Amino acid sequence: MHLAVRRPQSWTTSSLVLHGQLRRSREDADAAREAGRRAGRQPVRRLGVSGVAERVLGAPVPAGLRPLLTVTALSVAGQWMLTAYLPIYAVTQLPVTTGTAGALLAGAMATGLIVGPVGGRLADTVGRARVLVAGLVLQTAAAALLLVAPGRTTPAVLAATLLAIGFTLRTTGQNTLAADLSAIDDRDTVFALLRTAVNVAAAAGPALGAALLVFDWSLLWAGSLSVSLLALALVRRRPPQPSLPAREGPRCPRPDGETDARTDPASLSVPGEVPGDRRSALGPDNRRVAVALAASVLAWATYNAFEIVLPVATVDVYGLAPSTWGLLFLLNPIGVALLQVRLIAWTSWLTRAGRLLLATSLMGASFLLLVVTHRTIAIAAVVLAFTAGEILWGPASQALLVELAPPRRRGTVMGLLSSAATAGAVITSAGGLALLSRGGHVLTWCSVAGVAILSGLLFRLAARATTHPGATPQSSTCRN
């Protein structure tokens, strides 16, 4: 007997409902354009936030996903109001040396390596929404601590630690919720929309922080506290259901042309999991999960070469003004906001393995242009090429790990992915700048390119048996 999977219709709307919303939104938009063309007039443009967002992003935003995107954008903006300026605050406002400040902040950042797996396990047991809320609470506490204890080293280090732990918990919760919301053939699009919200907020947060910092550090911390409290109020007002997803069955056609995810009583258990056995591992694909996580560490190390090493090289090695680098960096968030969903759609013909190999190769090989020339136009070309690779890599790598993980262990895998991101940042912070200062920029960029290509090969190995990202896998168990 085959049953349609049903989940609570709230924030965590079932993946089938979200899939239907995406499909119907595209069909309605196409029908409106066709009707307008036949009538010899332009189609009526929708007004409002959703209409503007659709035109900017290049895809409709399903109603079931909007609350998660809103909370994510607010929480990321509040986080980056702290993250972008905390190192400057530590160096200029605390009674410590620059080296000591760097060591203290690196130690605080490293806590994410430990918290990631714990947060992922909690997402699988107590619920994704509660982990998301816990991360927001810690982020809010970090801003409050900086506000009430200005210029003191111990509270600042504690705030940095709370921020790192809160970031790991929040990203684990939001990524797992996005995975639960997405259908098999919509995951790349859903993660692309989520990543767009993150990147736009990560650019808006520091900009708002800069405006507040003109007046006082306390006003900056108060602004971050206010934005974080607003995000916390929204997620508490419309909390997601904490229920765990059942195992997804094959995508089966219905007589009306839609699709159902079918399951049977046997599929309610996770592959490789003994019912009732809490000690079960990730499942039969745990080796491929490990390979994908190793690839993610290397990919995040490459990503942080763009955020950490390239700015230093641009200013200290190539002699550009910091303001010039700031303008060049703006090409990245603008490109992500405008092209994230569109580029995913344009490359939908690629397999996920091919997309990941292309993405990481673009990210790493783009730096090799600086071996030949480091003129301003060349640095701009590096930023654009890297942005294209980043756009392809982010959603595809997250979707790959979701497909490899058993549904009831998604939180664990997303927690490990958060730890992988932290590990990549630590590796680049510790080794990238040291290599630049001791080995020179040529050796640095060649090393970054090598790490990126190795990451792509590992992704390809992990994704060798996954389906085409746009395919709809079916099974002989499908019956009308």
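The values are calculated or read from the model by the stated rules, or taken from the named source; none is laboratory data. Being a predicted model, the structure only gives us computed values, none of them experimental. Backbone-built Cβ (ideal geometry, glycine too); neighbour counts: all protein chains shown.
What the table below lists for this structure:
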quantity	calculated
Residue list for segment 109-141, filter: more than 18 Å from residue 405 (Cβ to Cβ), among the small types (Gly, Ala, Ser) and surrounded by 21 or more Cβ atoms within 10 Å (Cβ to Cβ)	112, 129, 135
Selection from segment 441-465 of residues that are aliphatic (A, V, I, L, M) and crowded, with 19+ Cβ neighbours inside 10 Å	448, 449, 451, 452, 458, 462, 463
Qualifying residue in segment 94-109 (condition: assigned to a helix (DSSP H, G or I) and touching a Ser or Thr at 6+ places or on another chain (Cβ under 6 Å))	yes
Residue satisfying all of: in segment 299-333; under 21 Å from residue 448 (Cα atoms) and β-branched (Val, Ile, Thr); modelled with the highest pLDDT among these	302
Filter pass, residue 91 being hydrophobic (A, V, I, L, M, F, W, C) and touching a residue at least 24 places away in the same chain (Cβ under 8 Å)	no
Any chance residue 174 is within 26 Å of residue 359 (Cβ to Cβ), assigned to a helix (DSSP H, G or I) and either in the same structural domain as residue 85 (by TED's automatic domain parsing) or at pLDDT 85 or above (or both)	yes
Failed condition for residue 431, given (1) surrounded by fewer than 21 Cβ atoms within 10 Å (Cβ to Cβ); (2) touching a Leu at 6+ places or on another chain (Cβ under 7 Å)	(2)
Filtered residues of segment 351-387 (kept if under 21 Å from the mean Cα position of the chain (by Cα) and more than 16 Å from residue 453 (Cβ to Cβ))	351, 352, 383, 384, 387
Matching helices (runs of 4 or more DSSP H) fully within segment 310-411 where at least 2 residues are crowded, with 23+ Cβ neighbours inside 10 Å	331-346, 352-365, 376-404
Residue match in segment 399-417 (condition: among the acidic types (Asp, Glu) and touching a helix residue (DSSP H, G or I) at 6+ places or on another chain (Cβ under 7 Å))	no
Members of segment 71-87 found to be in a helix (DSSP H, G or I) and of a type in the set (Gly, Ala, Ser), listed by number	73, 75, 77, 78
Residue within segment 317-333 that is among the β-branched types (Val, Ile, Thr) and touching a Lys or Arg at 6+ places or on another chain (Cβ under 9 Å) present	no
